[in-house]
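> One structure, pasted below without further comment.
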Amino acid sequence: MQQLTVTSVNVNGLRAAARKGYLPWLAGTTADVVCLQEVRAEEAQLPAEVARPAGWHVTYAPAEAKGRAGVALLTRREPDAVRIGFDCAEFKASGRYLEADLPGLTVASLYLPSGEVGTERQDEKERFMAAFLPYLVDLRGRAAAEGREVLVCGDWNIAHREADLRNWRANRTNSGFLPEERAWLGRVLDPADGGYTDVVRALHPDQEGPYSWWSYRGRAFDNDTGWRIDYQIATPSLAARAVKAHVERAATHAERWSDHAPVTVSYER
């Protein structure tokens, strides 16, 4: 049976990732779609083999603020349409959202602001969330009217449940695990509200993690003291067609090319 394989990864700066092993990984992936976050570069700043790798159609949405954020979509098939940003003027040029239409599917790369309690960064994150949920609801409705599923992949910068981070008790007052952030993501996943499904959690309901981000500080990676903040969030009928999901965790700390690991899911077409 034919499958569609989608990978999402925060590259923590594409130029740095390319020096550390991103290109061999890309050359070896079987994914049909790759969603990148935190590219932190414009296309002209990238080496040709990184900017336009052979066999891929690439769309970039860089941030207006140089060296910040930035998302990209790599697809084996040329998209029917691409759109940068969503229905919010503040974040139109922030390099945080990009979507593309493929046959029967709208796929998006999202880099939700990370936030920091008590600062403008947290205010920005809350403004983004407030604007983004209505857009997700509208997108789902429009896609359904056109016979499309929706898949929003990326770094959502929120651990939804206690099972989604190792040290959840110590992080209850930190951005990324605040009650209001978790409640917001719960709304995205509520069938009566956002109406989307957390694909990896649906396939692995009882697992701790699988974590997708580990701090470079200390021995977080070696001790698997991680967070699951990179998600594939899909409309329910697409989520129901997911057959396999895994986090491509590097074998050793030295082999990492980002502080995040790719999250890969295969769907029956």
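> Between ARG269 and GLU116, how many nm apart are label points set 7 Å from Cα along the C-beta direction?
4.6
> Expressed as a whole number of Å, what is the distance separating the alpha-carbon centroids of the stretch 62-86 and the stretch 1-23?
After rounding, the separation between the Cα centres reads 14 Å.
> Then there is this: So how strong a dipole does the chain carry about its Cα centre when Lys and Arg Cβ are +1 and Asp and Glu Cβ are -1, to the nearest 20 debye? Walk me through the intermediate numbers first.
On the way: 33 positive and 37 negative charges, 106 e Å.
Magnitude of the dipole: close to 500 debye.
> Within the chain, what whole-number % of the accessible surface is contributed by carbon and sulfur, with the 1.4 Å probe and all protein chains included in the calculation? If you can, show how the numbers build up before the last one.
Details: 5760 of 11660 Å².
It is 49 percent, rounded to a whole number.
> From the phi angles alone, apply the Karplus equation (6.51, -1.76, 1.60; θ = phi - 60°) to the stretch 231-247 and give each ³J(HN,Hα) in whole Hz, x where the residue is Gly or Pro.
10, 10, 10, 10, 5, x, 5, 6, 4, 5, 8, 6, 10, 7, 9, 7, 9
> Per residue, how much accessible area does the stretch 87-206 have with a 1.4 Å probe, in Å²? Write down the numbers at each step before the final one.
On the way: 4990 Å² over 120 residues.
Ligands and nucleic acids excluded, the result is 42 Å² per residue.
> Name the long-range amide H neighbours of LEU110: under 5 Å, sequence gap of 5 or more, or other chain; modelled H, no Pro or chain starts.
Amide H neighbours of LEU110: CYS153, GLY154, ASP155.
> Okay, moving on. Through the Karplus equation 6.51 cos²θ - 1.76 cosθ + 1.60, θ set to phi - 60°, convert the phi angles of the stretch 55-65 into ³J(HN,Hα) values in whole Hz; use x for Gly and Pro.
x, 10, 9, 10, 10, 10, 10, x, 7, 4, 6
> Here is a follow-up. So in the chain, what percent of DSSP beta bridges are antiparallel if you round to the nearest 5?
Numbers: 41 of 53 bridges.
Of those bridges, close to 75 percent are antiparallel.
> Restricting to DSSP loop positions (anything but H, G, I, E, B) with no more than 12 other Cβ atoms inside 10 Å of their own Cβ, which trypsin sites (Lys or Arg not before Pro) remain in the stretch 180-225? Please report the intermediate quantities before stating the final value.
Numbers: sites: ARG182, ARG187, ARG201, ARG217, ARG219; in loops: ARG217, ARG219.
The qualifying sites are ARG217, ARG219.
> Evaluate the relative contact order of the chain (contact order divided by residue number), counting alpha-carbon pairs under 8 angstrom at least 6 apart; express in whole percent. Write out the running numbers ahead of the final one.
On the way: 601 pairs, mean separation 55.1, N = 269.
Averaging sequence separation for qualifying contacts and normalising by length gives 20 percent for the chain.
> On to the next question. Quick check: from the Cα gyration tensor, does the stretch 97-149 come out rounded (a/c under 1.5), prolate or oblate? Provide the component values of the computation, followed by the final result.
Details: a/c = 5.61, a/b = 2.47, b/c = 2.28.
The shape class here is prolate.
> Further, regarding this structure: Evaluate the relative contact order of the stretch 88-130 (contact order divided by residue number), counting alpha-carbon pairs under 8 angstrom at least 6 apart; express in whole percent. Mind dumping the intermediate values first?
Details: 37 pairs, mean separation 11.3, N = 43.
Over the stretch 88-130, the number comes to 26 percent.
> Here's another thing I want to ask about it. With θ set to phi - 60° and the Karplus curve 6.51 cos²θ - 1.76 cosθ + 1.60, what are the ³J(HN,Hα) couplings of the stretch 179-188 in order, to the nearest whole Hz, using x for Gly and Pro?
x, 6, 5, 5, 5, 4, 5, x, 5, 4
> For LYS20, go through the aspartates and glutamates and keep the ones whose alpha-carbon is under 14 Å away, minus same-chain ones fewer than eight residues off.
Within the straight-line limit of under 14 Å, LYS20 reaches these aspartates and glutamates: GLU255, ASP259.
> Label points 7 Å out from Cα along the Cβ direction at VAL137 and ALA81: separation in nm?
Simple spin-label model gives 2.2 nm for this pair.
> I'd like the chymotrypsin sites (Phe, Trp or Tyr not before Pro) in the stretch 199-232 restricted to DSSP loop residues with at most 16 other Cβ atoms within 10 Å, sorted by number. Mind dumping the intermediate values first?
On the way: sites: TYR211, TRP213, TRP214, TYR216, PHE221, TRP227, TYR231; in loops: TYR211, TRP214, TYR216, PHE221.
Here the sparse-neighbourhood loop sites are TYR216.
The values are calculated or read from the model by the stated rules, or taken from the named source; none is laboratory data. The model shown is predicted, which means the values in this text are computed figures rather than measured ones. Methodologically, a virtual Cβ is constructed for each residue, glycine included, from the backbone with ideal geometry; neighbour enumeration extends over all protein chains shown. The accessibility values were calculated without ligands, DNA or RNA, using every heavy atom of the protein model including side chains. Shrake-Rupley method; radii C 1.70, N 1.55, O 1.52, S 1.80 Å.
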